[in-house]
Amino acid sequence: MNREATLSIDTGTVERLMPLLRFADRTRRALQYPLLGIAGLFALWYWGGWAIANNEDTMAFASFAPGPTLAAFWDIVSSGAVWSPIESSLYRVGWGLGYAIAIGVPLGVMIGYFLTLKQVTHVPFQFLRMISPLAWMPIAVLAFATWDAAIIFLIAIAAVWPITYATAHGVQRIDPMWLKVGNNLGANPYHTLRYIVMPAIAQDVFAGIRLAVGVAWIVLVPAEYLGVTSGLGYAINDARDTLEYDKLAAFVLVIGIIGYMLDAICVRLIKRSSYHAEG
Amino acid sequence: MSKGFLEIENLSQRFPQPDSNDLLTVFEGVDVTIDKGEFVCLIGHSGCGKSTILNVLAGLATPTDGNVIMDNKEIKGPSLDQGVIFQNHSLLPWLTARDNVMFAVRARWPNWSKAKRREHAERYLHMVGLDDAMDRKPSQLSGGMRQRVGIARAFAIEPKLLLMDEPFGALDALTRGVIQEELLKIWSETHQTVFMITHDVDEAILLADRVLLMTNGPHAQVAESVKIDIPRPRTRATLHQEEAYYPIRNHLVDFLVEGAKVMSAKAQEAAARGDNPRHTPRIVNPARPEAEPEHSSQPGPRMVRAV
Ligand SMILES: Nc1ncnc2c1ncn2[C@@H]1O[C@H](COP(=O)(O)OP(=O)(O)O)[C@@H](O)[C@H]1O
Ligand SMILES: [Mg+2]
């Protein structure tokens, strides 16, 4: 009797817990491999820190190890010192990408649309594309009044190519049939652009922006090593000069995390705008 | 002559040829009248110019000569008065089935509320049996379902004239049969004026009030207008039990096997002589041969010498 009561309570509890358990199971399945990867990275880092600390030549850099780094990371986050460099860096990347999009998307649409333009621009664009953005640095510094503007220029010139070419690729994949449909529905050029061309190329444009964000984020840090007194690149350089290696590593961590988040945003945008053209 | 709903007048189309300075005359002198609410099929051999005629009716192409008048207005360009169903279902792949239809509905009635557009689109998707697939994107639909969305979209904008260019050509026989009946159903509910190209004789008999037969090109003509004297509603299963079915079918097949060639040769001779190519199709009712009207004795398409 007593036993039965216990049993029934148990099944009731289990039933009530079922959704929770199922959620936990789904979460575990979704996270197990990413967590494994993160754990692997930490293990490697830990081992590296241990190797540095146990080598007489490199002992001075022992605070690159996870322990001191995470402590410094907590320090800059809790003190709020991390936000100002992030803000400066995002400001530059934001404007740089903004210009790259404003130039790259229309340019890409035209290159994708007019074959002649594609042929005319091929050599000069590939030539320009292969020049490291940082090679423009001296020119940028001369050409622009402020360091901020120079860095934004460097980011824009690095980011414009992937956006341009991804957009052109998207335009070339537009099925003439879709335009015919629009035409038949009485679409004017604005409608065609807004409701057919733009959704048709959106996934390619976002894929280009994703590549561009990666390039921009990479170019940003070395660009901020020079001239400016703000931003994540400056923070790293500053930490090196003051021998605060734990803080330096903490900023490296911040750069990685923000880069990851920017990329994740792009992936979301790509997913949301993606479609499969039917065969 | 009384004006019909759709008047195709002395229509000719000539194209420049890549390897010669002469123009290629695809078809010429076509006179056809279509009544409001009529379902007309056009049959002819590949390359005779069927799609070219349809593109002119859609306003997507300009004829070399002649004109098309619908509801007392000349067709000069594409408009929402002419809805087109293309062969390869032309859905926008980033929109769901419902949104594809709503997209067209919005173009037609820009002032409608979203709820009204949605209700309208869903009504037509329901008519083609797609209640459960409205939220799916084209890539998640079978070929037959996509074509049904295309049909729902075309009917939903309630065009004055619905044009279809071999709409079921890419579908397997089983699916084609199902969709033909769905098309019949939606047409019987809306009574649109339909102009459809097909190469399937049975499809034409099932669907059409009238079948226009085209001779081979170049210098193709719309030689005959064959009445499909079979009562509605028609179903595929019972169609061949109709008395009129075999006479009609034989007539259409004979034309495609023999007549189209013979008449084409005559038309080309006439063109070489410089005769006026303008012609109206001979009216034929294979189900009641005795009831054939005046110029039934003439073997070929009737030539009109003076306009
Ligand atoms: N834009 C064009 N330029 C040149 N020739 C064309 C063009 N469109 C069609 N044709 C020619 O006109 C003829 C009829 O074509 P079409 O109307 O597509 O035939 P159908 O649909 O009856 O098979 C074909 O010989 C085709 O090559
Ligand atoms: Mg054709």
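Quick note: the coordinates plus some simple rules give every number you see, no bench work behind them. Worth saying up front: this structure is predicted, and the values here are computed from it rather than measured. For neighbour counting, all protein chains shown are included, and Cβ atoms are generated from backbone atoms with ideal geometry for every residue, glycine included.
Do any of A:LYS180/B:LYS160; A:LYS180/B:LYS227; A:LYS180/B:LYS137; B:LYS36/B:LYS185; A:LYS271/B:LYS116 go past 23 Å between their Cα atoms, and which? Violating the 23 Å Cα-Cα cut-off are A:LYS180/B:LYS227; A:LYS271/B:LYS116.
Please compute the alpha carbon radius of gyration of region B:71-208, then divide it by the globular-protein estimate 2.2 N^0.38 Å. Two decimals is fine. Its radius of gyration relative to the 2.2 N^0.38 Å reference: 1.00. Looking only at region B:15-55, which residues have a backbone nitrogen under 18 Å from a spot 7 Å from the Cα of B:ALA265 in the C-beta direction? Zone members listed by number: B:45. When you work out D = kT/(6 pi eta Rh) for chain B at 10 °C and 1.306 mPa s, using the Kirkwood radius from C-alpha pairs as Rh and the Stokes-Einstein form, the result is 78 µm²/s.
Candidates B:MET145, B:PHE103, B:LEU54 compared by Cα position along the dipole of chain B: farthest toward the positive end lies B:PHE103, with charges placed on Cβ.
The share of Cα pairs per 5 Å bin across region B:82-158, counted from zero up to the longest distance, runs 3, 19, 32, 27, 14, 4, 1 percent. In terms of its Cα atoms, the protein assembly as shown spans 113, 90, 43 Å along the principal axes, sorted from long to short.
Between A:GLN172 and A:ASN55, residue separation times 0.36 nm minus the direct Cα-Cα distance comes to 36.5 nm.
Taking only the Cα atoms of region B:1-134, the ratio Rg/Rh comes out at 1.05, with Rh defined as the Kirkwood radius. Two decimals, Cα atoms only, Kirkwood Rh: what is Rg/Rh over region B:184-276? Ratio value, two decimals: 1.06.
Over chain A, the ratio between the Cα radius of gyration and 2.2 N^0.38 Å evaluates to 1.38. Computed from backbone phi, the HN-Hα couplings of region B:116-130 come to 5, 4, 5, 4, 4, 4, 5, 4, 6, 5, 4, 4, 9, x, 10 Hz, rounded to whole numbers (Karplus: 6.51 cos²θ - 1.76 cosθ + 1.60, θ = phi - 60°; Gly and Pro given as x).
Other protein chain C-beta atoms within 10 Å of residue C-beta, averaged over A:177-190: 6. Convex hull volume of the Cα atoms of region A:134-279, normalised per residue: 132 Å³.
Convex hull of alpha carbon positions in region A:49-175: directionally averaged projected area 12.7 nm².
The helix-based estimate of mean residue ellipticity at 222 nm for chain B, built from -39,500 (n - 2.57) per DSSP H run of four or more residues and divided by its residue count, is -10000 deg cm²/dmol to the nearest 500. Scaled against the 2.2 N^0.38 Å expected of a compact globular protein of N residues, the Cα radius of gyration of region A:218-279 reads 1.62. Close amide H partners of B:THR193, meaning residues 5 or more places away or on another chain with modelled amide H under 5 Å apart, are B:GLY37, B:LEU162. With contacts taken as Cα pairs under 8 Å at a separation of at least 6 residues, chain B carries a relative contact order of 21 percent.
Taking every C-alpha pair closer than 8 Å and separated by at least 6 residues, the mean separation divided by the residue count of chain A gives a relative contact order of 21 percent. Put simply, the amide H of B:ALA61, placed in the peptide plane, has neighbours under 5 Å in B:VAL56, leaving out anything fewer than 5 places away on its chain.
Near B:LEU42, the amide H atoms lying under 5 Å from its own belong to B:MET196, B:ILE197, B:THR198, B:LEU212; only residues 5 or more places off or on other chains count, and H is placed 1.01 Å from N.
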